[in-house]
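These notes are about the structure you will find just below.
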Amino acid sequence: MKQAEKKPDPSTEDKIKSAAQKLFTKKGFAAVKTRDIADEAGINLALLNYYFRSKEKLFNLIMEESLVQFVKGIAENFANEETTLDQKIENLVASYIDLFTIYPDLPLFILSELRQHPDRFPAKLDMIADIARSSFVKQINAAMKKGTYPKMHILHFLSNMMSLIVFPFVASPMLMKITGVTPKQYMDLMRDRKKMIPQWINAMLKANTSAKK
């Protein structure tokens, strides 16, 4: 009787991917060896090779999943027609700060890899195009038409909001050195920004609107 082919164990695969994401985001593709990933996952090298034939294949998978995770939150949040504009901003800020406090090296990893290897940008991220037709953009345009927000290109709004979220994580070594805070204190301060960033965005927009009246 022919022996049934052994099926891959999802828990082992997830363990490998989790270890690879941790190492790739921390050190980058070139500095990580497959043995490093196997050691981090607590498995032998042969088992890692059984699940993923090469380091490049595993890296491309991690890169794609990281990018999709990064963008999916924006697309889904902006498409929600049940939430107000303020709620969308609050949800976006909170979800990304929560994500980056778990993976603080993720923003720099994504930005550096996209800059060095734009060809790796996965086709699945076509969802970005949906943002331009989202409920969020319609609400922004309505607020500008009403005079609640100053007239501006949506690029400025998104750039300012994402910069307030992402930059402190990208520049954390420099900012910790300047301010003298510990890594734990820094992450506590990052969590404080979940409430502060939406307040700053509203204050800046309203101040800009008032100045033009």
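Kirkwood's formula applied to the C-alpha pairs of region 13-105 gives a hydrodynamic radius of 14.8 angstrom. Estimated from helices alone, the mean residue ellipticity of the chain at 222 nm is -24000 deg cm²/dmol (sum of -39500 (n - 2.57) over DSSP H runs with n ≥ 4, per residue).
So which of K151/K195; K138/K184; K27/K195; K26/K184; K22/K184; K88/K151 end up more than 29 Å apart by C-alpha? From the list (K151/K195; K138/K184; K27/K195; K26/K184; K22/K184; K88/K151), the Cα-Cα distance tops 29 Å for K138/K184; K27/K195. Rounded to the nearest 10 degrees, the inclination of helix 135-146 to the longest alpha-carbon principal axis of the chain is 10 degrees.
Remark: C-alpha extents of the chain on the principal axes read 80, 47, 29 Å, sorted largest to smallest. Mean-square fluctuations from a GNM of the chain, with a 10 angstrom spring cutoff on Cα atoms, peak among N44, N60, N141 at N44. Over region 65-109, the pair-distance histogram of Cα-Cα distances with 10 Å bins from zero comes to 27, 51, 20, 1 percent, rounded to whole numbers. For the residues I178, I140, I154, a GNM of the chain with alpha-carbon springs under 10 Å puts the largest fluctuation on I178.
Values in this text are rule-based calculations from the coordinates and carry no lab data. Keep in mind that this is a model prediction, so the values were computed, not measured.
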